[in-house]
Amino acid sequence: MPESRELKAARRFLAEAEDELASQDGLARLTEGLRGLDGVIEAGAAAEVKTARNLAASYASRVCARIRSLLDRDAQLPEPELEHYFKVVLAFDQMSASLPPEAAELKVAVVRALIERYYEGHPPERKRAALAELANLGRER
């Protein structure tokens, strides 16, 4: 069975997003591709729904692995890059499909790194309070 126009378009946007993940255009394409997949999941034929769910999980895993690798490799990623990658991870929140656990874990890791940057030069107790609040948010999920 040939794929619908919507699923083909979502695939194209996601492939382009993967190539340009570090840019605003890449984020826009990712958002568009995920929106397309979500549309297929909500209203597509059963076979396409399964394909769209698998694509969402596959792209989430690959994107998360890529961002995790960047965080692991460079503990001093500049704040604007961290903010961008936080937006990238947040893009997956729009999906109705279930995502791999690493997506939520990565979101917390990026926020933790941002707290490290934002609270540089502030009293240590303020930074500890922000990290504690983040930890509490993680437990509430």
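Descriptive notes on the structure:
- For the chain, the C-alpha radius of gyration divided by 2.2 N^0.38 Å, with N the number of residues, is 1.17.
- Degrees, to the nearest 10: 79-91 long Cα axis against longest axis of the chain: 40 degrees
- The chain: angle of helix 124-140 to the longest principal axis, Cα-based, in degrees nearest 10: 30 degrees
- Set of lysines near residue 107 by C-alpha distance (under 20 Å), chain-local residues within fewer than 8 positions excluded: 87, 127
- Across the range 5-140, the relative contact order, built from alpha-carbon pairs under 8 Å that are at least six residues apart, equals 21 percent.
- Alpha carbon centroid spacing (whole Å) that separates the range 72-108 from the range 40-69: 16 Å
Read-outs throughout are calculated quantities, based only on the coordinates presented, and are distinct from any laboratory measurement. Since the structure is predicted, the reported quantities are computational estimates derived from the model, not experimental observations.
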